Amino acid sequence: MTPPASNLNLPPAWRKLRDTARAARLNAYSPYSKYRVGAALLASSGIIYPGCNVENASYGLTICAERSAVCSAVSSGEKNIMEICISLTGTPVPCGACRQFLYEFNPDMIVLLDNLDQEDVPPEVVRLSDLLPRGFRL
Ligand code: ZN
């Protein structure tokens, strides 16, 4: 049996990360924008933490999927984040706020950009330091 095209050249660990992000996206709370985003991050413990966007009527309190996943991991005692996958339609790059939020935990984090408009194409793989080359640090 031939695997789906979306799984070609995608290591099993990244496939699991991508699948978790896609599943988390389905839990997004986005009644205002109707725009769903899923994320999944891999901590150094090997545990994967999902995240989704959670909107709020005040708009400004909305939290992105990436930050949601980080809060889930940190709430469980994880602070060493190795990789994150972001799944959405359109351009799957983290917003500026999320780039800085992720930078706090690992500037060299591997970021998988999963564009659901091209489900059969493996996620683009970049380093966070390429998306945010001079992030803020104290
Ligand atoms: Zn964001």
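The values are calculated or read from the model by the stated rules, or taken from the named source; none is laboratory data. Nothing here was measured: the structure is a model prediction, and the numbers come from that model. When we count neighbours, we look across all protein chains shown, and the Cβ atoms used for this are built from the backbone with ideal geometry, even at glycine. Surface accessibility is based on the protein's heavy atoms, side chains included, excluding ligands, DNA and RNA. Shrake-Rupley method; radii C 1.70, N 1.55, O 1.52, S 1.80 Å.
If you plug each phi of region 43-58 into the Karplus form 6.51 cos²θ - 1.76 cosθ + 1.60 with θ = phi - 60°, what whole-Hz ³J(HN,Hα) values come out, in order, with x for Gly and Pro?
8, 5, 6, x, 7, 9, 10, x, x, 9, 6, 10, 7, 9, 4, 7
Long-range amide H contacts for GLU124: which residues qualify at under 5 Å (H placed 1.01 Å from N, peptide plane, sequence gap of 5 or more or a different chain)?
Residues meeting the amide H criterion: LEU113, ASN115.
What GluC sites (Glu not before Pro) does region 58-135 have in DSSP loop regions with at most 16 other beta carbons within 10 Å?
Counting only loop positions with at most 16 other Cβ atoms within 10 Å, the GluC sites (Glu not before Pro) in region 58-135 are GLU104, GLU119.
Within region 17-63, report the trypsin sites (Lys or Arg not before Pro) that DSSP leaves as loop and that have at most 10 other Cβ atoms within 10 Å.
Hits after loop and neighbour filter: LYS34.
State which stretch of the chain is the longest one without any exposed chymotrypsin sites (Phe, Trp or Tyr not before Pro), exposure meaning a DSSP loop state and at most 16 other Cβ atoms within 10 Å.
By the stated rule (loop sites, at most 16 other Cβ atoms within 10 Å), 60-135.
How charged is the neighbourhood of ARG18? Take every other residue with its Cβ under 13 Å from the Cβ of ARG18, and add Lys/Arg as +1 and Asp/Glu as -1.
With Lys, Arg at +1 and Asp, Glu at -1, the neighbours total -2.
How large is the helix-only mean residue ellipticity at 222 nm for the chain, computed as the sum of -39500 (n - 2.57) over DSSP H runs with n ≥ 4, divided by its residue count, in deg cm²/dmol to the nearest 500?
Mean residue ellipticity at 222 nm (helix-derived): -7500 deg cm²/dmol.
Quick one: ranking MET109, MET82 by accessible area, 1.4 Å probe, largest first, what do you get? If you can, show how the numbers build up before the last one.
Working: MET109 0, MET82 80 Å².
My answer, sorted largest first, is MET82, MET109.
Relative contact order for the chain using alpha-carbon pairs under 8 Å, separation at least 6, rounded to a whole percent?
Relative contact order, the chain: 21 percent.
Can you run the Rg to Rh ratio on the chain? Use alpha carbon positions and the Kirkwood inverse-distance Rh.
Taking Rh as the inverse mean 1/r over Cα pairs, Rg/Rh reads 0.96.
Averaged per residue, what accessible area in Å² does the chain show with a 1.4 Å probe, protein chains only? It would help to have the intermediate numbers written out before the result.
Numbers: 7460 Å² over 138 residues.
Counting only protein heavy atoms, the per-residue value for the chain is 54 Å².
Can you say what percent of the DSSP beta bridges in the chain, counting only those with both residues inside, are antiparallel? Round to 5.
70
With a 1.4 Å probe and all protein chains in place, put SER72, SER45 in order of accessible area, largest first.
SER45, SER72
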